[in-house]
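Participant: Below: one structure in structure tokens.
Laboratory data are not the source of any read-out in this text; all were calculated from the coordinates shown. Nothing here was measured: the structure is a model prediction, and the numbers come from that model. In this analysis, Cβ positions are derived from the backbone assuming ideal geometry, glycine residues included, and neighbour counts consider all displayed protein chains.
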């Protein structure tokens with residue numbers, strides 16, 4: 001979709017996503033995700049499986 005502010009938070013919210021795990025996210029994006037009720041976890045490293053398992057512990 002390119003870079004359209006608000007697109008991804010709206011799309012993910014519509015899909016029922018309530019947590020995203022990322023290496024880093026800008027402050028403005030975090031605000032938009034949180035407004036949609038999506039928890040933002042930053043600082044993830046390694047594989048997606050490792051990041052998800054770390055979050056779940």
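Participant: Sort 31-41, 16-26, 47-57 by the packing proxy (mean of other Cβ within 10 Å over each peptide's residues), most packed first.
Facilitator: Numbers: 31-41: 15.0, 16-26: 12.3, 47-57: 10.5.
Per-residue mean Cβ counts within 10 Å order the peptides as 31-41, 16-26, 47-57.
Participant: Follow-up question, since we're still on this one. Calculate the radius of gyration of the Cα atoms of the chain to one decimal place, then report Dmax, the largest Cα-Cα distance, as a whole number, both in Å.
Facilitator: Expressed in Å, the Cα Rg and Dmax of the chain come to 11.6, 33.
Participant: For labels at residue 18 and residue 45 in the simple 7 Å Cα→Cβ model, what's the distance in nm?
Facilitator: Spacing of the two 7 Å Cα→Cβ label points: 3.0 nm.
Participant: Give the relative contact order (percent, whole number) for the chain; include only Cα pairs under 8 Å separated by 6+ residues.
Facilitator: 35
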